[in-house]
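The values are calculated or read from the model by the stated rules, or taken from the named source; none is laboratory data. As the structure is a prediction and not an experimental result, all values here were calculated from the model. Methodologically, a virtual Cβ is constructed for each residue, glycine included, from the backbone with ideal geometry; neighbour enumeration extends over all protein chains shown.
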Amino acid sequence: MTARRLPAQHDPAERTDPERVRITVDGAELTGPAGSTIAGILLENGRDSWRTTSRDSRPRGVFCGIGVCYDCILTVGAERDVRACQRRACDGDVVSLQEETRPDAAGEGAS
Ligand code: FES
């Protein structure tokens, strides 16, 4: 998946550029339009995956985009397992990515 957002000056709908919110993701400061989800801001900043699966370390980001698959989970503040596609970003949010290995995954071969 490729993140694309049409710049406001090229948008035929003549929308105005919205206010921006600033979030921190694993120490990196990212900005995005106010009202965006955290996933939207990550995508706008070129991040299309932000966690890996516990079994095979496969990259995951937005899959369903409607809060069903939980592929997009991350930690916001002290709250774990937040669905990035459902959480509206608030200015100052501190986001950390979740990496876990299943306790029984050690020693398994790739599949
Ligand atoms: S992308 Fe499926 S729950 Fe967020």
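Considering (1) within 11 Å of the ligand (Cβ to nearest atom); (2) in contact (Cβ under 8 Å) with a residue 12 or more places away in the chain, the lone condition that Gly92 does not fulfil carries the number (1). State yes or no: is Asp71 assigned to a loop (DSSP other than H, G, I, E, B) and at pLDDT 95 or above? Considered against the rule, which asks whether it is assigned to a loop (DSSP other than H, G, I, E, B) and at pLDDT 95 or above, Asp71 comes out as no. What are the residues in segment 43-60 that are surrounded by fewer than 19 Cβ atoms within 10 Å (Cβ to Cβ) and either assigned to a loop (DSSP other than H, G, I, E, B) or of a type in the set (Asp, Glu) (or both), if any? Result: Glu44, Asn45, Gly46, Arg47, Asp48, Ser49, Thr53, Ser54, Arg55, Asp56, Ser57, Arg58. Would you be able to tell me the number of residues in segment 8-42 that are over 25 Å from Cys64 (Cα atoms) and assigned to a loop (DSSP other than H, G, I, E, B)? Count: 10. Residues that are out of contact with any strand residue (DSSP E or B) (no Cβ under 6 Å at 6 or more places or on another chain), within 7 Å of the ligand (Cβ to nearest atom) and under 21 Å from Glu19 (Cβ atoms) within segment 37-85 comprise just one, Ala39. Does Gly40 satisfy being surrounded by fewer than 12 Cβ atoms within 10 Å (Cβ to Cβ) and under 12 Å from the mean Cα position of the chain (by Cα)? Judged against the criteria, Gly40 is not a match.
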